[in-house]
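A quick write-up on the structure given underneath.
Since every read-out is calculated from the coordinates, none of them should be taken as a lab result. This one's a predicted model, so the numbers in the text were calculated from it and none came from an experiment. Cβ sites come from the backbone with ideal geometry, for glycine too, and all protein chains shown count toward neighbours.
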Amino acid sequence: MKNLVRASITLALVSSSAIAFAQEKQPDPTPPQSTWGTGQQALPPMPADDSADAEKPADTEPAPATKEPKKSEPAIRYVPASHPYESTAPAPEQEEGVPPLQSAHDTRESFWKVSAGVRGGRIDDPGYDPFADNSQLWQFSFAATRTLLTAGRFSFAAGLGWDGGVHSDTTARGFSSGIAVHRLNAPLEGRFHAATWLYGFARVAPGAVYRKAWIEDPSSPTAELDSSAWAFAADFSLGASFLAGPQGKPDKHVPRFWFTPEIGYAWSGSTELTLAPKGAADDPQPTGTTNLGELALRGPFARMSVDLSF
Amino acid sequence: MWLFSAAIALGACTHRPTVWNEGVGNAQSYGLDSAVAVVDDATHRALLLTAGADQVLNRQLLTVGHNVVTVETSADKKTLFVLSAGDLPRRSDKDEFPSLTIIRHDGPASAFTSKSYPLATPLSSLAIDPQGQWVAAYAGASEHATFVENPNEIVFFDLNAQAPQDQPIDRTLRSFGGTPQRLTFSPTLQLPSGPRRLLVVETDLDVSILDLDHLHDATPRPEITVRLSNGDTVQSLRPAGVVVDDGDPESNADARIGVRLTGDTNVVTLTLGAVPADQTPPPPNDFSPVINLTDVGGIVSDIAFVRTDGGIRLAALVPGEAKGTLVDPDTSITTDVALPASYEHLSLVTNEVGTPGNGDVALLYGASGSTQGVAFWSLGETAGTPYRSVEALGITTSVSDVLSVPEPNRELKVLESQGSTFYVLNLVNLTASPLETLGAASLVLSDDGKRVWAFAPGTGNLASVSLDTVHPIPLVLSRSITNVFDIARADGGRSLLAVHANGGFGVTVVDGLAPDTATSRVYSGLLLEGL
């Protein structure tokens, strides 16, 4: 338990460093591309100021003749109407050398993504008490998502996910006990791309949870009582994803690494905790059950994952 | 990131209730008429197990006091008494005082209810009235539980009283150096002043008699203390057991108490008569004991008041002399009867034998190492023909205990021996049917008088023996047996609950009337439920 806490804090520190690293000026291998559109004309020169003449140093060379703009060519600036970043000034978040988000083809916005992380949850249901000496449930998380829709700064992704973990270093009235919890879900994620290196998301992940609980009780003919059940489950979470790098080549599917912290609430249906001797289903001897009430694996959770997009 | 770490830290702060850290410990089971009670002191609960059709086990949980000291059942097996010492020292308002918890029900179909009575001081012993009216809690012979303790204090609970008399009654017996060791509730005795129930208290040194029918008086009647001495020395004698007899139903002046003594050859007879008219000032009690001390010639192992053709006598077994002695309580004249073995116990079987009016018949047993297992002592023929009054039965092993079978087979007795054989004794035709076991067996009678269950503790070996046909039905359970209980079901059937007191506590429910392991049902982890 303590090791997992330390690992999480380390991950937090590492991710902060990675984000700082990601925000440093990156050498751009590709020449900057103008986003101000084509056909840009030079503005006409400012009118001469007599008061300034006295301050002007004497020219050793005659001033080059300025080219008078053609009356047939008005000084206009063309900005493509479809571009989101319509401004005469550079976007404040736009770093030099980092291409801003362009369109649906920007692979920093639209991508396949696989994630691996650690999830820590809290289960306050009294049915959890025989199998855990505290409220924590730690699980490994794996997920794969794909951006399906983009609309400006917003995008929508869906995928599949699995969270699995075991809590087994517990005793119930002196007898070893434990619980294994597996969640299968289909995350549905709405994203807001605040920058090329950052997007926030809100996620709903409906699915199912499977749990198996056991107590090594010598009073059982097989010295173990166990219970397993499925229930409907859904996660509701908010998070942010930070692009560690690389940030360039937005039009190419290059592997990019992200760090994603997330917090939310895990909901699941309630299941009966009726334990029976292990293998009772195969035993012709009629067997009674041990009733420990109900268990609903619900509660807040937090997750930290490392993602790979491409 | 800090939010993430905080979420983890919040999860670490919540711990489960401490009850899950309490081991099962030494949970004990007690048989009631229609349930088995399992007292789980670690979680302060009593688990009541009742059986239904198809070997379904029903559970009911009730709270009992903290730190259970002793548990007793009533004579009719409908009530459970749990005496608790409470939490000492008390550190918070949640810590409990000592208490007596009474758990009872009105029949197999009704649920159990409980009532708790707080006590001012922890006590360790209980005495249960066979007639179900009184319960007495006292310190007994246990070690001190508190810094200061009154060993002569007895707390009485009147189970039939209505408010406000249903509260505990504290009495402190006067002491001449002894402390109460054993309490015996008498039946209703016809005393000169009317019918009365008495409590006989044996201390280290003397015997006290307390009037139970006047316990609720505003001015309590003091107890009558009889100091025991053999008259030869100043050494006090220690009582080893008492018997009470109402005497002739036509007389109200011959109720008696018999007392045998530890390590002494004397027996004491107390005849409860009227208070002398000339006694001034008048004593607070309306009866007075007359004391007789009689030497029977050897250390006495058991006593009983018996009817002989010569009248009421106090029969005393003297195993050291292989004899029985009959003591006339009025004259102290003794009559010795030689016995074929050094029997240590006697049990009156007059009603079962079916010869009332001709003197009592006693069953003698408990002669260790003897080949004369049991003998019948016909007291109606004692006077004048002592040698023909004792008849040994053909049981060649020593009988350690005699179990009385209830109706409708009250003429039967089940004899336990120290070997691997037990007997079903028919008192009418004087036959003893042997049943042999593989090793030592424990015996449990059914309350309906139809069966005896034999089991080997620590193994799964079990057998049901019909008392009508003496036919055994062997059964083998999958787990080692701690104890068995034959209980009534609400649907009129009967079930056997075999207790497996290992781990989280298991029970196997077997149909009592048609036992078959194929239809039995196994339950496990019962003390894990309801937490």
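Using the number of other C-beta atoms within 10 angstrom as an exposure proxy, rank B:K94, B:K115 with the fewest first.
Neighbour counts put them in this order, fewest first: B:K94, B:K115.
Mind checking the full-extension length gain between B:E250 and B:A161? Use 0.36 nm per residue of separation minus the Cα-Cα distance, one decimal, nm.
29.0 nm
Using the Karplus curve 6.51 cos²θ - 1.76 cosθ + 1.60 with θ = phi - 60°, what ³J(HN,Hα) values do you get for each residue of region B:396-412, in whole Hz, with x for Gly and Pro?
For region B:396-412, the Karplus curve yields 8, 10, 6, 9, 9, 7, 10, 9, 8, 8, x, 4, x, 10, 6, 7, 9 Hz.
Longest span of chain B, sites excluded, free of GluC sites (Glu not before Pro) in DSSP loop with at most 11 other C-beta atoms within 10 Å?
Maximal segment without exposed cleavage sites: B:251-531.
Efficiency by 1/(1 + (r/R0)^6): what FRET value for A:L160 and A:T222, r their Cβ-Cβ distance, R0 = 35 Å, to the nearest 0.05?
With R0 = 35 Å, the Cβ-Cβ based efficiency is 0.45.
In peptide A:287-295, how many Cβ atoms from other protein chains are near each Cβ within 10 Å, on average?
Mean shielding by partner chains, rounded to a whole number: 5.
Report, in whole Å, the centroid distance computed from the Cα atoms of region B:421-480 and region B:233-266.
What the calculation gives is 37 Å, centre to centre.
Hey, got the average number of other protein chain Cβ atoms within 10 angstrom for residues in B:514-525?
Average per residue, whole number: 6.
Based only on other Cβ atoms within 10 Å, what is the fewest-to-most ordering of B:V201, A:V254, B:V499?
Ranking B:V201, A:V254, B:V499 by Cβ neighbours within 10 Å, fewest first, gives A:V254, B:V499, B:V201.
For A:W112, B:W134, what ranking results if the residue with the fewest other Cβ atoms within 10 Å of its Cβ goes first?
A:W112, B:W134
Do any trypsin sites (Lys or Arg not before Pro) in region A:193-285 lie in a loop, going by DSSP, with at most 16 other beta-carbon atoms within 10 Å of their beta carbon, and if so which?
Here the sparse-neighbourhood loop sites are A:K252.
If I model a spin label as a point 7 Å beyond the Cα along the Cα-Cβ vector, how far apart are those points for A:S168 and B:Q418 in nm?
5.3
What does the charge count around B:G419 come to, taking other residues whose C-beta lies under 15 Å from its C-beta (Lys +1, Arg +1, Asp -1, Glu -1)?
Combined, the nearby Lys, Arg, Asp and Glu give -3.
Roughly what would the spin-label model give for B:N26 and A:A116, points 7 Å off Cα along C-beta, in nm?
That separation, rounded to one decimal, is 5.5 nm.
Out of residues 5 or more away from A:S176 or on other chains, whose amide H comes under 5 Å of its own, with H placed 1.01 Å from N in the peptide plane?
Residues meeting the criterion, in which the H sits 1.01 Å from N, are A:E216.
Cut-off under 19 Å on the C-alpha distance; same-chain residues fewer than 8 positions from B:K413 excluded. Which aspartates and glutamates are left, in chain and number order?
B:E344, B:E352, B:D360, B:E391, B:D401, B:E436, B:D447, B:D448, B:D468, B:D486
Relative to the longest principal Cα axis of chain B, at what angle does helix B:2-12 sit, 0 to 90 degrees, rounded to 10?
It works out to around 10 degrees.
Can you compute 3J(HN,Hα) from phi for each residue in region B:104-114, using the Karplus curve 6.51 cos²θ - 1.76 cosθ + 1.60 with θ = phi - 60°, rounded to whole Hz and x for Gly and Pro?
Whole-Hz 3J(HN,Hα) from phi for region B:104-114: 8, 8, 9, x, x, 8, 9, 6, 7, 10, 9.
Given a cut-off of 30 Å, name the pairs among A:K278/B:K450; B:K77/B:K323; B:K94/B:K115; B:K78/B:K450 whose C-alpha atoms lie farther apart than that in the structure shown.
A:K278/B:K450; B:K77/B:K323
Exactly which chymotrypsin sites (Phe, Trp or Tyr not before Pro) in region B:151-214 are in a DSSP loop and have at most 16 other Cβ atoms within 10 Å?
Listed in order of number, the matching sites are B:F176.
Counting Lys +1, Arg +1, Asp -1, Glu -1, what net charge surrounds B:T184 among other residues with beta carbon under 12 Å of its beta carbon?
Value of the local net charge: 0.
State, to one decimal in nm, how far the label point of B:D401 lies from the label point of B:I473, with both points 7 Å from Cα in the Cβ direction.
Reported label-point gap for B:D401 and B:I473 is 2.4 nm.
Taking 30 Å as R0, compute the FRET efficiency from the Cβ-Cβ separation of B:D213 and B:F176 and round it to 0.05.
Result of the calculation: an efficiency of 0.75.
Please go through region A:114-188 and write out the trypsin sites (Lys or Arg not before Pro) that DSSP classes as loop and that have at most 15 other C-beta atoms within 10 Å.
Here the sparse-neighbourhood loop sites are A:R153.
For region A:131-198 and region B:165-198, compute the distance between their C-alpha centroids and round to whole Å.
Between the Cα centre of region A:131-198 and that of region B:165-198, the gap is 72 Å.
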